[in-house]
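The values are calculated or read from the model by the stated rules, or taken from the named source; none is laboratory data. If you're wondering where the values come from, they're calculated on a predicted model, not measured in any experiment. Positions of Cβ are backbone-derived with ideal geometry, glycine not excepted, and every protein chain shown enters the neighbour counts.
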């Protein structure tokens, strides 16, 4: 072989290694962007989760279509979101893939530089006609470049496969944990719903007994007792009025009746209708 033919073989080997390098360089940018995005969102959400509980505000917080009762609830949501983002980064191997790609690129570039220097050193000692052992040494150098770049790709792919299996196991464990948590929350919600139904079905009404004392002898005519929208009428004054099915709570009791006025001069009596609360 001539020196020009060896140069052609060297260029072909370099092109083959460069093709592997360019593939990693082209595909790593999407992982770079996603890695920075997920880590940035996680850091911001975590910061809000730490700062919000320190606020003295008790007002509700509105964010997009979400409404939180207060800073504490919003802080819990922020921390949960940060955990989800970090978990997604880990499960989908976003940052890890970026690191692997950069590592593979550096290894390929180092191999290219080493081969370039070895070829330059070998080429300075070559003269035509070239000895067979020199040709074999040059071809072995070019082969090492091509095979070495492929070995780097194979090693990176094997590492990716191992991390993929690990990520799937982590996702399975995460799904199992979330399933357990959701089932627990569902049970608690069912208990709460059943308790609410029992409370709703329980009687919320009672009987009110109104006892009239003191001025009963001065009441005349029909009387009417009102409590919480319910009323009881009596044709004449009585000492006790019972009102059934009154809703629970604090209520005003109203008594409407006729009242006897007494005058010292005439000692007469003049019935008059009046209404007072007791």
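Structure notes:
- Residue in the range 117-136 that is modelled with the lowest pLDDT, counting only those that are part of a helix (DSSP H, G or I) and surrounded by fewer than 14 Cβ atoms within 10 Å (Cβ to Cβ): 132
- Applying the set (1) in contact with a strand residue (DSSP E or B) (Cβ under 9 Å, 6 or more places away or on another chain); (2) modelled with pLDDT under 70 to residue 267 leaves exactly one unmet item: (1).
- Residues of the range 1-41 classified as out of contact with any helix residue (DSSP H, G or I) (no Cβ under 7 Å at 6 or more places or on another chain) and not in a helix (DSSP H, G or I), total: 1
- Test: residue in the range 79-97 that is in contact (Cβ under 8 Å) with a residue 40 or more places away in the chain and within 25 Å of residue 15 (Cα to Cα): yes
- Some residue of the range 205-217 being surrounded by 11 or more Cβ atoms within 10 Å (Cβ to Cβ), in a strand (DSSP E or B), under 56 Å from the mean Cα position of the chain (by Cα) and at pLDDT below 75: yes
- Filter pass, residue 73 being in the same structural domain as residue 171 (by TED's automatic domain parsing), part of a helix (DSSP H, G or I) and over 29 Å from residue 109 (Cα atoms): yes
- Yes/no for residue 51 being closer than 29 Å to residue 165 by Cβ, free of Cβ contacts under 8 Å to residues at least 60 places away in the same chain, assigned by TED's automatic domain parsing to the domain that holds residue 169 and touching a helix residue (DSSP H, G or I) at 6+ places or on another chain (Cβ under 9 Å): no
- Criterion (more than 30 Å from residue 4 (Cβ to Cβ) and surrounded by 10 or more Cβ atoms within 10 Å (Cβ to Cβ)) met by exactly one of 111, 145, 141, 164: 164
- Output for the range 54-71, where each listed residue is touching a helix residue (DSSP H, G or I) at 6+ places or on another chain (Cβ under 7 Å) and surrounded by 14 or more Cβ atoms within 10 Å (Cβ to Cβ): 55, 61, 68, 71
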